[in-house]
Amino acid sequence: MPATLSYEVSGPESTAAPVVVLLGSLGSNRSMWDHQVRDLARDHTVVAIDHRGHGGSEVVPGSCTIADLAGDVLALLDSLGVDRFHVAGLSLGGAIAQWLAVHEPARVRSVALLCTAAKFGEPSAWAERAAAVRGGGTEAVADAVVARWITPARAEADPDLVTGLREMIVATSTEGYAAACDALSGWDGRADLRRISCPTLVVAGDEDPSTAPEVVREIADGVPGAHFVTLSPAAHVPTVEMPERVCEVLRTHLTRAHAPDPA
Ligand SMILES: O=C(O)CC1=CCC(=O)O1
């Protein structure tokens, strides 16, 4: 049973504008895409989504999988009458975007995968994080997580940004965060990468301690024809740390995705 998701649709009045779906990281809400929404909504219908148990979305007790989270997104898009869409996902959102590109090729027009992985390290680390959060709430992991989201230099220069991002993590429901850790623990999309056939952009942050550039690069190496970009200086959440540059690479990708194939 899909969860009821909180979301926001932004864009021109015209229903002909191409749809871009934005999916964020573990412990985030859709405001992590605010800059990109403002930019892309000039000529796209942008659907920014909170994952289940995150932001304003329904909290569903128990574990879930990446396929469950993708099912939530598809159910929302069905309810909005959206058939084909571009999808951009960061980290957890990137795993969901990979799943959608593999399993819904007729609906996914292009995919942008930011600071994400086809497998996020050892499952035991995610089980430990889920247990820490189930025991002590999101507060128990918030400092460590926010330290990976932006570079140390930026954190030192902009303490208010750190405070705001930390509040976002702490506001995520305990059950929603832990369930998403369970989903990451079970996620391994490596064997399916070669099945992604839509235009694909893969983006890494040069100082990302969570999904290091070589981990992100594995996706680009596995997806036929994928474009790979490294942002610098950037940690795990460049949508916030270097928003204009992320807008630029997403726009270039979407323009390429709309262009007819060269003969
Ligand atoms: O929270 C982290 O350590 C980084 C991360 C992995 C998956 C995700 O969405 O964030």
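Here are the numbers for this structure:
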{"item": "Residue list for the stretch 81-140, filter: acidic (D, E) and either surrounded by 24 or more Cβ atoms within 10 Å (Cβ to Cβ) or farther than 29 Å from M242 by Cβ (or both)", "result": "D83, E104, E122, E128"}
{"item": "Residue within the stretch 21-40 that is surrounded by fewer than 20 Cβ atoms within 10 Å (Cβ to Cβ) and not in a helix (DSSP H, G or I) present", "result": "no"}
{"item": "Scan of the stretch 14-48 for residues that are basic (K, R) and within 16 Å of the ligand (Cβ to nearest atom), ordered by number", "result": "R30"}
{"item": "Near pairs, Cβ below 6 angstrom, 6+ apart or cross-chain, from the stretch 16-38 (under 14 Å from V246 (Cβ atoms) and among the hydrophobic types (A, V, I, L, M, F, W, C)) to any residue that is modelled with pLDDT of 95 or more and part of a loop (DSSP other than H, G, I, E, B)", "result": "V20/H44; M32/G24"}
{"item": "Filter result for S210 (in contact with a Lys or Arg (Cβ under 9 Å, 6 or more places away or on another chain) and part of a loop (DSSP other than H, G, I, E, B))", "result": "yes"}
{"item": "Some residue of the stretch 188-211 being without any contact (Cβ under 8 Å) to a residue 60 or more places away in the chain, within 13 Å of the ligand (Cβ to nearest atom), closer than 28 Å to A132 by Cα and surrounded by fewer than 18 Cβ atoms within 10 Å (Cβ to Cβ)", "result": "no"}
{"item": "Out of L40, L114, L74, sole residue that is modelled with pLDDT of 95 or more and closer than 20 Å to T4 by Cα", "result": "L74"}
{"item": "Residue tally, condition assigned to a loop (DSSP other than H, G, I, E, B) and more than 15 Å from the ligand (Cβ to nearest atom), over the stretch 174-187", "result": "0"}
{"item": "Residues that are out of contact with any strand residue (DSSP E or B) (no Cβ under 9 Å at 6 or more places or on another chain), within 15 Å of the ligand (Cβ to nearest atom) and of a type in the set (A, V, I, L, M, F, W, C), drawn from the stretch 106-130", "result": "A117, A118, F120, A125, W126, A127, A130"}
{"item": "Positions within the stretch 54-69 being buried (at least 24 other Cβ atoms within 10 Å of the Cβ) and in a helix (DSSP H, G or I), in sequence order", "result": "L69"}
{"item": "Within the stretch 89-101, tally of residues that are touching a Ser or Thr at 6+ places or on another chain (Cβ under 9 Å) and either away from the ligand (no atom under 16 Å from the Cβ) or of a type in the set (A, V, I, L, M) (or both)", "result": "5"}
{"item": "Count of the stretch 144-163 residues which are away from the ligand (no atom under 12 Å from the Cβ), in a helix (DSSP H, G or I) and surrounded by fewer than 16 Cβ atoms within 10 Å (Cβ to Cβ)", "result": "7"}
{"item": "Residue in the stretch 245-263 that is in a loop (DSSP other than H, G, I, E, B) and crowded, with 20+ Cβ neighbours inside 10 Å present", "result": "no"}
{"item": "The stretch 222-244: number of residues that are in contact with a helix residue (DSSP H, G or I) (Cβ under 8 Å, 6 or more places away or on another chain) and free of Cβ contacts under 8 Å to residues at least 40 places away in the same chain", "result": "8"}
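The values are calculated or read from the model by the stated rules, or taken from the named source; none is laboratory data. Note that the structure is predicted; figures quoted are calculated from it, not measured. All Cβ positions, glycine included, derive from the backbone under ideal geometry; neighbour counts span all protein chains shown.
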